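All remarks here apply to the structure that follows.
The values are calculated or read from the model by the stated rules, or taken from the named source; none is laboratory data. Keep in mind that this is a model prediction, so the values were computed, not measured. Positions of Cβ are backbone-derived with ideal geometry, glycine not excepted, and every protein chain shown enters the neighbour counts. For the accessible areas, the whole protein counts, side chains as well, though only heavy atoms, and no ligand, DNA or RNA atoms are used. Shrake-Rupley method; radii C 1.70, N 1.55, O 1.52, S 1.80 Å.
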Amino acid sequence: MNIYLLDTNIISEPTKPSPSESVLNSIAENFDHSCICSVIWAEILTGIKCLADRKRKDALLNYYLNTIQKAYEILPFDSFAASIYSDLVEQLKNKGNPLPKLDLMIAATAISNNLILVTRNTADFEPIKEVSNLMTENWFEQ
């Protein structure tokens, strides 16, 4: 049973030149209770494929395809998440606070699966928390 949905900035931390020890420890401690989603997976792959440095691009693609994809469940953006997404878009639009579509899709996936979204960018998700039951954590602040 998953508890955490790891955002792109969390799942990519181990590939950084000087990764956060607290994030690495939290990833290791919560590995069995964590997943990613198809929207995050798309963000990761798109970012890698847009890299100009072929050597780094190949190394990252190899790491994500052969390590991350095999290690983590990748949740789909399904019809239930789509319904929640449309509700969030409507509520935020009515409040005059539209947000990036990918963030809304990630939040909707977390909500639809009753997961805690782990992200460095908790402030980006505050408007969503105001209109939903989205739960967030920032492992960079532990």
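Please determine, in degrees from 0 to 90 and to the nearest 10, the orientation of helix 38-49 with respect to the longest principal axis defined by the Cα atoms of the chain, where the helix direction is its Cα long axis. The helix 38-49 is inclined about 40 degrees to the chain. With all protein chains in place and a 1.4 Å probe, the accessible surface of the chain carries 52 percent carbon and sulfur. The Kirkwood radius of segment 84-142, taken over pairs of alpha-carbon atoms, gives through the Stokes-Einstein law at 4 °C and 1.567 mPa s a diffusion coefficient of 114 µm² s⁻¹. In order along segment 99-116, the phi-based Karplus estimate (6.51 cos²θ - 1.76 cosθ + 1.60, θ = phi - 60°) of 3J(HN,Hα) comes to 10, x, 4, 5, 4, 5, 5, 5, 4, 4, 5, 4, 5, 5, 10, 6, 10, 8 Hz; Gly and Pro are listed as x. In plain terms, the chain from Lys93 to Ala52 could stretch by 11.1 nm, reckoned as 0.36 nm per residue minus the Cα-Cα distance.
Applying a threshold of 25 Å to the alpha-carbon distances of Lys49/Lys95; Lys70/Lys129; Lys16/Lys55 flags Lys49/Lys95; Lys70/Lys129 as lying beyond it. Computed from the Cα positions only, the extents of the chain along the three principal axes stand at 46, 31, 25 Å, in decreasing order.
Let me make sure I get this right: for segment 31-93, a, b and c are the square roots of the gyration tensor eigenvalues over alpha carbons, sorted descending. Under 1.5 in a/c it's rounded, otherwise prolate if a/b > b/c, else oblate. Which is it?
Numbers: a/c = 3.78, a/b = 1.73, b/c = 2.19.
Oblate, because a/c is 1.5 or more while a/b does not exceed b/c.
Across segment 61-69, rounded Karplus estimates of 3J(HN,Hα) from the backbone phi angles (6.51 cos²θ - 1.76 cosθ + 1.60, θ = phi - 60°) give 4, 4, 4, 5, 6, 9, 10, 5, 4 Hz, Gly and Pro being marked x. The alpha carbon convex hull volume per residue for segment 1-58 rounds to 86 Å³.
Taking 0.36 nm per residue of separation and subtracting the Cα-Cα distance, full extension of the segment from Asn25 to Leu61 would add 10.6 nm.
Measuring with a 1.4 Å probe in the full set of protein chains, what accessible area per residue, in whole Å², belongs to segment 1-110?
Ligands and nucleic acids excluded, the figure is 55 Å² per residue.
When only Cα pairs under 8 Å and 6 or more residues apart are kept, what is the percent relative contact order across the chain? Numbers along the way, then the final one.
Values: 172 pairs, mean separation 43.0, N = 142.
The value is 30 percent.
Count the net charge of all other residues whose Cβ sits under 15 Å from the Cβ of Ala28, scoring Lys and Arg as +1 and Asp and Glu as -1.
Values: positive: none; negative: Glu13, Glu21, Glu29, Asp32.
Computed value for this residue: -4.
For segment 83-140 versus segment 12-71, the inter-centroid distance based on Cα atoms is 22 Å.
Remark on Ile116: its backbone amide H falls under 5 Å from those of Tyr4, Leu5, a criterion applied only to residues 5 or more positions apart or on other chains, H modelled at 1.01 Å from N. Springs between alpha-carbon atoms under 10 Å, Gaussian network over the chain: tell me which of Lys95, Lys16, Lys49 tops the mean-square fluctuations. For the chain, modelled as a Gaussian network with Cα springs under 10 Å, the answer is Lys16.
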